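The values are calculated or read from the model by the stated rules, or taken from the named source; none is laboratory data. Note that the structure is predicted; figures quoted are calculated from it, not measured. Cβ sites come from the backbone with ideal geometry, for glycine too, and all protein chains shown count toward neighbours.
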């Protein structure tokens, strides 16, 4: 069978994972991501179901396992997941093509994952229980619980959170569950 | 080109400047994140002169606004000075660029010509390299290398590096196959020659018009008597006369021959500017023309005689796909010949191949094609070409999702015109949807739903509010169903206007048959079993309970009902989400092994899944995939159920066929995984010093692989046997059909179409059972044997 060539590399170097894994040494990360069949998916809505994830990611091959990232206090989804495929070719196609396209009408970010300790790493590491980015972000995102934790604390202190925003959030939540 | 821009996983900028985690990578200058694992603040290391030159070589000719001729002259000057030290490396880089950047072969040809004028040794060295690479490419049957080497040689003739005699000799060699060679091979080599003629013909006509005429005659003979079955086998739109690409290209070239081979505007010719300079060197003779084509020393790949022994799979050239007419203002004013269209199509297909890693790059190159025309004037060709690859039969080169996302990217980049052209194409396809091949119908629905999901599901649904027939309304239903799978029911309800409300699929839900139905057999047992599963008792505990005295009730049920109860309860326990199903199935795997192992029990398990998930086909498909993956159900069991009498009426539903496809695909992927596992192990023959353990592992994998191969062979034989029986039975019955019976035209359209789809999709696997299949389909209904002959032609010819 003809092996296809990836000529974009003539223009820029190929990379494996772009995330800096803090818990593992760089050589280990290199080795693990180069034989990994697991990908990380970020910027999900809290309400995206596993079936939606399965549907999109099945377009790149058969999905073996989906592990939804959870808030470490409430044990509810906090907007990321790991998708494991049976073969690396499927995972590689996924990182190549599905990255920066939409799932559940949000642009998702897909990156290689080391593929080990998923059960340990599936919890958000932010102070509010979710992902760290949700602690600090300042925009209003109804799919990710409205305001980020820090901003929310600021607003609630001033009592400025409007009724409209609360209602919008309740509405969004109701529609998706 | 800023390298920092296209990092994987980079987020759109958000206002906070705080934590920079995975999703919020800033990547602001001057930090270049590519050099992670060290101190990020170091500037990238200085480039060596060779690396700088490589960058220039790769990028030359990309920017259409910049003066190509001046750049070429400058680069040739710079390179010639470096030849003394780095000859080998420069040749490597030049050839790598020439063979992998499809639209720039003329540029590299001219560059080599210019360098040849400055250094004859360089010319000899590079031509020797080309010769040896060509020999290797032919040996390994590397399709793209062969094609681009031939094209590079044509450009070298234009640049006066190689003489026309050599090129003619090469063409003769490539076309030297006799009539016994399979059509796929003859087609491939004919196309290699024809894909180089647009570049070469003008010059060849000046040098030796007689030989060119002879060449055209040879091509005429080659392409005239092609097997029409092949064209029908891969036709997307089942018109009366699908146009095969190979013949169409020949006819386009013949048109050019009639008007004396004028130079084409769609191919760049930088060598014209340098003609005086290039003419100063004397062209090399790479191949000697002789009556015996084999004398040039290039070996064509070994001919594999019979389909069973054949290892190579030649590419199938897709038929011409034409759905857009010249109505739009954009392209009614242009005047391009068929050859121009072919050149543009070829460029686009090659770009999609070489730039498959980065859709953005691919579309950027497509939008900047060096065809001396604005891309908007040829957008219809672009859209039709991408559709050709999306619908590519029997297989597409890359996963079909890639082509879909190319459309999305195209709509973003050319947002003024491309969405309009694409909509026209979609509407045109919708109108002809009843002539679409069934497999392409399904590809179309899958693609369209995914496309819409990237664009907020915006579509002019109301223009489709009165579907002409069942196939049209089915199409809308299937698209909406897949949109629902990618989102959720309320979202689709919101998008679709009320006129199409009856096309919206129902909300998925569970059907736990024991809920509130004490009259069903096994109700009490189901309650007990489900209770145990809810409290997460292990499989061993449940088995122990069943076999003990307490399990009297369950023991009194027949094995089939036991299987029903167990499978239904397991499904209910795992109904909440995909992960729940995975967890529950793994936890109770032993139960399956013990109680769902006989044929009847497996059949019951299948029926239980279908009953449980009758309102949610997606979940049924997921359950089937999982059970197949864990060897709870065998592919053969599913095939047997599929073609059983009770299942025949449901053939009109697309999702039933999805299950069959997934089953066969799963059997194939298991085989492939075993093959790659075996390939990764060292064999005892290769390494006599292998340890005992490794030898055992190798032999074990070999055995597993052999068993899997046998099983798959049997699976395909059974599959086609059942197809024949069911279809033949249907045609016999349709003579005396009652009102309301399921055997209508739609059923026939779907079933025959799927039969063709399976035969075509797995035609390579059918090579080993061709004899059996021939026997099977000898005395059958002509409609069935017609379809069989079509995909059979793929089996023997490619």
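A few notes on this one:
- Among (1) in a loop (DSSP other than H, G, I, E, B); (2) within 9 Å of another protein chain (Cβ to nearest Cβ), the one test that residue A:64 misses: (1)
- Restricting B:251, B:255, B:217 to those that are without any contact (Cβ under 8 Å) to a residue 12 or more places away in the chain and not in a loop (DSSP other than H, G, I, E, B) reduces the list to B:217.
- Selection within the stretch B:467-480 - in contact with a helix residue (DSSP H, G or I) (Cβ under 7 Å, 6 or more places away or on another chain) and either closer than 18 Å to residue A:104 by Cα or not in a loop (DSSP other than H, G, I, E, B) (or both): B:470, B:471, B:472, B:473, B:475, B:476, B:477, B:478, B:479, B:480
- The set of residues from the stretch B:450-466 being within 14 Å of another protein chain (Cβ to nearest Cβ), farther than 17 Å from residue B:478 by Cβ and part of a helix (DSSP H, G or I) comprises just one member, B:454.
- Residue ranges of helices (runs of 4 or more DSSP H) in the stretch B:744-798 with at least 3 members in contact with a strand residue (DSSP E or B) (Cβ under 7 Å, 6 or more places away or on another chain) and modelled with pLDDT of 90 or more: none
- Where helices (runs of 4 or more DSSP H) fall entirely within the stretch B:330-444, those with at least 2 residues that are touching a residue at least 60 places away in the same chain (Cβ under 8 Å), surrounded by 20 or more Cβ atoms within 10 Å (Cβ to Cβ) and over 23 Å from the mean Cα position of the chain (by Cα) are at B:338-354.
- The set of residues from the stretch A:24-56 being over 12 Å from the mean Cα position of the chain (by Cα), over 12 Å from residue A:112 (Cβ atoms) and at the interface with chain B (Cβ under 10 Å from one of its Cβ atoms) comprises A:25, A:26, A:27, A:47, A:49, A:50, A:51, A:52, A:54, A:55, A:56.
- Among the residues of the stretch B:502-523, the one identified as touching a helix residue (DSSP H, G or I) at 6+ places or on another chain (Cβ under 6 Å) and part of a helix (DSSP H, G or I) is B:503.
- Matching helices (runs of 4 or more DSSP H) fully within the stretch B:567-686 where at least 1 residues are touching a strand residue (DSSP E or B) at 6+ places or on another chain (Cβ under 8 Å) and closer than 30 Å to residue B:555 by Cβ: B:578-587
- Whichever residue in the stretch A:67-79 is part of a loop (DSSP other than H, G, I, E, B) and surrounded by fewer than 20 Cβ atoms within 10 Å (Cβ to Cβ) and, among such residues, is farthest from the other protein chains (Cβ to nearest Cβ): A:73
- Of all the listed residues (B:646, B:680), the sole one being free of Cβ contacts under 8 Å to residues at least 12 places away in the same chain, over 22 Å from residue A:58 (Cβ atoms), within 14 Å of chain A (Cβ to nearest Cβ) and surrounded by fewer than 14 Cβ atoms within 10 Å (Cβ to Cβ) is B:680.
- Taken over the stretch B:164-206, the criterion of being assigned to a loop (DSSP other than H, G, I, E, B) and within 23 Å of residue B:255 (Cβ to Cβ) is satisfied by B:175 alone.
- The residues on offer are A:21, A:82, and the sole one that is outside any helix (DSSP H, G or I) and more than 10 Å from chain B (Cβ to nearest Cβ) is A:82.
Residues checked against (1) within 22 Å of residue B:316 (Cβ to Cβ); (2) at pLDDT 95 or above; (3) more than 14 Å from chain A (Cβ to nearest Cβ):
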position	(1), (2), (3)
B:358	no, no, no
B:361	no, no, no
B:364	no, no, no
B:370	no, no, yes
B:373	no, no, yes
B:379	no, no, yes
B:388	yes, no, yes
B:396	yes, no, no
B:414	no, no, yes
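- Given (1) touching a residue at least 60 places away in the same chain (Cβ under 8 Å); (2) within 21 Å of residue B:130 (Cβ to Cβ), index of the condition residue B:246 fails: (2)
- Inclusion of residue A:59 among residues that are within 16 Å of the chain's Cα centre (by Cα), under 27 Å from residue B:624 (Cα atoms) and within 9 Å of chain B (Cβ to nearest Cβ) is not warranted.
- Just one of the listed residues (A:133, A:109) is within 7 Å of another protein chain (Cβ to nearest Cβ), under 30 Å from residue B:400 (Cβ atoms) and under 12 Å from the mean Cα position of the chain (by Cα), namely A:109.
The rows are residues; the columns are (1) modelled with pLDDT of 90 or more; (2) closer than 30 Å to residue B:768 by Cβ.
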residue: B:281; (1), (2): no, no
residue: B:304; (1), (2): no, yes
residue: B:328; (1), (2): no, no
residue: B:335; (1), (2): no, no
residue: B:344; (1), (2): yes, no
residue: B:347; (1), (2): yes, no
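- Subset of the stretch B:481-501 that is in a helix (DSSP H, G or I) and more than 14 Å from chain A (Cβ to nearest Cβ) - its residue that is nearest to residue B:558 (Cα to Cα): B:501
- Summed over the stretch B:627-643, the residues that are without any contact (Cβ under 8 Å) to a residue 60 or more places away in the chain and either touching a helix residue (DSSP H, G or I) at 6+ places or on another chain (Cβ under 6 Å) or surrounded by fewer than 22 Cβ atoms within 10 Å (Cβ to Cβ) (or both) give a count of 10.
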